[in-house]
Structure formats: structure tokens, C-alpha cells
Amino acid sequence: MLKLLSAVTFILTISYTANAQTPDSTLKPSPVKTLSDIQYNALINGDDLYNMNAVADLNKYPTAEQALKYKKEIDLSPQQVAALTAINTELKRKKIEMGNFIVTNETKLDALFKTHKINESDLIFYTNRYGLYQGELRNAILKAAVAANNLLSPQQVTKLNKFKKS
């Protein structure tokens, strides 16, 4: 009986501990109810949750971040490192800026619906603005991939693409 009670207590303790340590329980919930925690944090931190670089990546355009990661292996010059670092820094800034704009826009849209003050012109304005922010974000991401590609020699791009596969 004592063994059975100990086993049940042990299982319940492990079960409770596992449930208490889920990834979502350690994150602060999204302050915008229309965005999940993952979406909100990605937008605020400048992460590309929507894979906006896919067209460039699929066509073997490198990112500045990838090139810098393998700078020794692809033999980047100091000038290339400086230029790629500037591209990467500006892209991160732009991703955070656009993410904050998207969060603010979503917050305003939510407030208008919550207070039942939404009208057709506000709806058109905020949904079109959302599209503009998404478009500006994708443009910045793809523009950075083109700029990174233009800084590298064809041999460096080929080498880099081999590293990306592994």
C-alpha cells in the first residue's frame, strides 16, 4: 500500500511539474488579444514569423546574417563585413519598427471593435494600413537580401549556399 501511495504521489508530482513548466506559462501573455504571444513577441522583437524572405531564399539570395555567420568560410573582406553588418543592423531596426506599427494598428482596431465605434471608413483605413505595414516589412527584408547578394561574389554565394544546406 505504501509503495502504491508513493508511486501515485511521484506520478502526480512529475505531472504537475511538467504542466507548470510549459513554454507558454513562462511568457508574459500578449497585451493584444488579437495576437498570440508568439505573434506579438515576434513583431516586437523583429523576428520574421511569416517567412517573408522565402522568395529570396528559394532563389539562393543570401541574407546578411547568413553571410556574416560564415564570414571566415566564405572569405569576406573587411569592407564586406562592414557593409553586411550595416545591412543587418538596418534590417533589424526596420523589422522592429514595422512590428511596433503593426501592434499599434491591431490595438487600435481592437479598441474600435470593443467599444462598438468601428465604421466602414475606419475599417478600410486600418486594414489597408495593416497591408501597407506588411508590404513595407517584406520590401525591407527582400531589399536586404538583394543588397547582401550584390555585395558577394558569385563564388561566395555558391559557398554560402553549400553551408546553408548542412
- Query: Just for the stretch 37-95: of the residues that are within 23 Å of Lys159 (Cα to Cα) and of a type in the set (Phe, Trp, Tyr), which one is surrounded by the fewest Cβ atoms within 10 Å (Cβ to Cβ)?
  - Reply: Tyr70
- Note on the structure: Given (1) at positive phi; (2) modelled with pLDDT under 50, Thr17 misses just (1)
- Kindly indicate whether Lys72 is in contact with a Leu (Cβ under 9 Å, 6 or more places away or on another chain) and modelled with pLDDT of 95 or more. no
- Query: Out of all the residues in the stretch 96-146, which are in a loop (DSSP other than H, G, I, E, B) and either at pLDDT below 95 or surrounded by 14 or more Cβ atoms within 10 Å (Cβ to Cβ) (or both)?
  - Reply: Ile118
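The values are calculated or read from the model by the stated rules, or taken from the named source; none is laboratory data. Since we're looking at a predicted model, the values are computed, not measured. Cβ: placed from backbone, ideal geometry, glycine included. Neighbour counts: every protein chain shown.
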